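This report refers to the structure that appears directly beneath it.
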Amino acid sequence: MNTYLINSTLCSGLLVAAYVLILKGKTTFIFNRFYLLFAVIFSLLVPFIVVNRASESVKTEALQEQLSKQPEYFIQKFASSAYNEPNVKFIDNQTHSGYFPFLCGVYGIVSLLLLVRFVKNLAEIQKAVRHNRGVPFNNSILKLVDAKIIPHTFLKYIFVSRTDYVNHLLEEDILKHELTHAKQYHSLDVISIEFVRIFFWFNPFLPLYRKFIQSNHEFLADAATVCDRPSPAEYQHLLLHKLGYVHSLPFASQFNYSLTKKRLIMMSKKTSGPSAAFAKLSIVPVMALALLLFCGKSKGQQSLSAPKQTKSQHAIAKIDQKTPKIVIPDFPSTKEGVPASLLDEYSAIETKYADLISIGKHKKISDEDHERLLDIYKQMNKKQQQSRIIRFRYFKGLLPMAIPTKSQYETWKNPRIYGVWINGHHVSNSALSKYEADDFSQFFVSRLYGVAKKDKNYKYQLDLITKAYYENYKKETLENSPKTIIEFRMPKAKG
């Protein structure tokens with residue numbers, strides 16, 4: 001969700017910057033209107049657009065097969081004495097922030113307040129429509145208001161002063177201007193952007209969109225008013241005369257003091273055909289750049305179906321079938337569990353070794369603490385055991401053989417994508433040149449996320465086991481299983 005909000009906000013910023021630099025000073029008002037509306041919609045949708053891109057990383061089929069068949073086994077391999085690591089690290093990739101519920105609450109409250117204001121404004125307009133007399137006017141309706149107001153428009157309703165209407169003081173140019181707002185339904189644009197702001201109020205660029213959309217509405221209406229005039233001077237003087245009237249309804253197209261100067265300038269400005277065409281075409285690469293930067297990205301893949309089994313793979317399958325099936329009993333527990341004093345003692349020891357949760361640290365638990373933890377853990381009930389950060393279980397089985405293909409092996413030599421471990425030791429990718437693919441009896445590729453990815457210049461961790469190492473590991477495993485091992489789990493945040 002965070003990625004979506006960031007990408008959406010940045011995309012809207014890029015597109016509004018493009019409007020300011022390329023289109024804002026041009027008299028391409030119709031194009032500008034639809035660009036601004038499209039830019040808002042595009043920035044909301046672009047993070048959902050998934051673009052496949054070529055990748056030099058692990059083969060999709062092979063990685064999926066490994067992930068589906070062996071995630072538990074891969075964790076277990078570090079428990080074997082052949083790896084000289086009595087402790088196993090197992091981390092749930094879940095990050096919880098204590099601020100998240102608070103931020104959700106703030107977001108909900110602000111959005112609710114904006115929604116209430118939005119509904120209130122619509123209700124105010126509906127009240128004005130219902131309580132004021134209407135007079136048909138060129139497929140629109142004039143609403144006669146008792147106050148001395150400046151004419152303004154909402155949807156098909158043009159609100160004017162009753163006194164001015166009765167005394168025939170409504171200028172034709174002003175009515176023509178407002179009629180353009182009504183015919184082109186400019187109010188729908190404003191309602192749409194205000195509705196988006198209810199849920200994306202934190203986006204600092206949306207007020208700019210609203211400002212530019214309403215300004216462009218005025219330029220459109222002015223252009224329609226003076227289109228058949230040799231000079232707009234008379235109409236410009238009329239606008240200046242109207243400045244100081246009573247403010248109009250929310251969402252309504254209206255005269256605005258801050259806009260007047262810009263409107264006067266734009267009425268006298270002309271954009272040549274080639275300049276307008278170039279400005280419109282310049283938007284195309286901007287949209288392409290926005291799509292490239294802010295869309296969802298997935299790595300290209302040829303097929304998700306299982307690949308055909310080669311002779312080598314068939315031989316591996318036969319070996320796997322001969323692997324002894326080890327029956328693993330449940331870890332000891334009690335029905336009554338342990339008292340709070342023992343749980344506190346257990347928690348104190350967990351805190352002592354909290355750094356084991358961090359990726360890449362292999363500090364070992366002392367024999368004394370190990371024995372004490374194990375003794376207390378066996379006395380816990382199942383619920384108490386499941387709530388612990390440090391847990392015990394029996395070793396579950398043997399890693400099946402998995403020999404990499406030559407094509408897979410070649411991709412693993414790229415240090416920008418893979419970090420390589422051989423027999424439990426981190427080595428440079430160039431070390432792979434000393435081996436062949438069939439020198440290994442087991443491999444596993446795992447993608448790094450969150451804390452695991454911090455300070456790493458590669459995306460995947462590759463663990464390889466040589467043939468000799470695998471045989472030693474297999475022998476040790478079959479002789480000693482079941483054995484007690486430790487796993488670490490991140491506690492889930494409360495609330």
Work out from phi, with θ = phi - 60° and the Karplus expression 6.51 cos²θ - 1.76 cosθ + 1.60, the ³J(HN,Hα) of each residue of region 33-45, listed in order in whole Hz, and give x for Gly and Pro.
4, 6, 5, 4, 5, 5, 4, 5, 5, 4, 5, 7, 9
Set the Förster radius R0 to 25 Å, insert the Cβ-Cβ distance between ALA233 and LYS262 as r into 1/(1 + (r/R0)^6), and round the FRET efficiency to 0.05.
0.90
At 7 Å along Cα-to-Cβ for each site, give me the label-to-label distance between THR484 and THR351 in nm.
2.4 nm
Keeping all protein chains in position, work out how much accessible area HIS181 exposes to a 1.4 Å probe, and write it in Å² to the nearest 10.
0 Å²
What net charge is computed for the residues neighbouring ARG210, neighbours being all others with C-beta under 11 Å from the C-beta of ARG210, Lys and Arg scored +1, Asp and Glu -1?
0
To the nearest 10 Å², what's SER192's accessible area with a 1.4 Å probe?
60 Å²
Nearest 0.05, what FRET efficiency do SER272 and GLU172 give at R0 = 45 Å with Cβ-Cβ as r?
0.90
Given 0.36 nm per residue, what is the gain on full extension from SER282 to ASP438 after removing their alpha carbon distance, in nm?
50.7 nm
Once you've got the Cα coordinates, tell me which of LYS211/LYS262; LYS335/LYS378; LYS364/LYS459 are over 21 Å apart.
LYS364/LYS459
Modelling each spin label as a point 7 Å along the Cα-to-Cβ direction, I'd like the ASP375/LYS24 distance in nm, to one decimal.
7.4 nm
So, for the Cα atoms of region 187-244, Rg and Dmax in Å stand at 15.5, 46
Counting only other residues whose beta carbon sits under 14 Å from that of GLU368, what net charge do I get with K and R as +1, D and E as -1?
-2
Find how much the distance from LYS183 to ALA340 grows on full extension, using 0.36 nm per residue of separation minus their present alpha carbon separation; answer in nm with one decimal.
49.1 nm
LYS364 long-range amide H proximity, modeled H, under 5 Å
none
Given a Förster distance of 56 angstrom, what is the FRET efficiency for ASN414 paired with TYR107, based on the Cβ-Cβ distance and rounded to 0.05?
0.85
Read phi for every residue in region 177-183 and hand back ³J(HN,Hα) as whole Hz from Karplus 6.51 cos²θ - 1.76 cosθ + 1.60, θ = phi - 60°, with x for Gly and Pro.
4, 5, 5, 4, 4, 5, 5
Summed residue charge, Cβ within 13 Å of LYS383's Cβ, Lys/Arg positive, Asp/Glu negative
+3
Sorted by chain and then number, the residues having a modelled amide H within less than 5 Å of the amide H of ILE417, at least 5 places away or on another chain, are LYS459
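The values are calculated or read from the model by the stated rules, or taken from the named source; none is laboratory data. Remember, it's a predicted structure, so these values are computed and weren't measured experimentally. Virtual Cβ from ideal backbone geometry, glycine too; neighbours counted across all protein chains shown. Heavy atoms of the whole protein, side chains included, go into the accessibility calculation; ligands, DNA and RNA do not. Shrake-Rupley method; radii C 1.70, N 1.55, O 1.52, S 1.80 Å.
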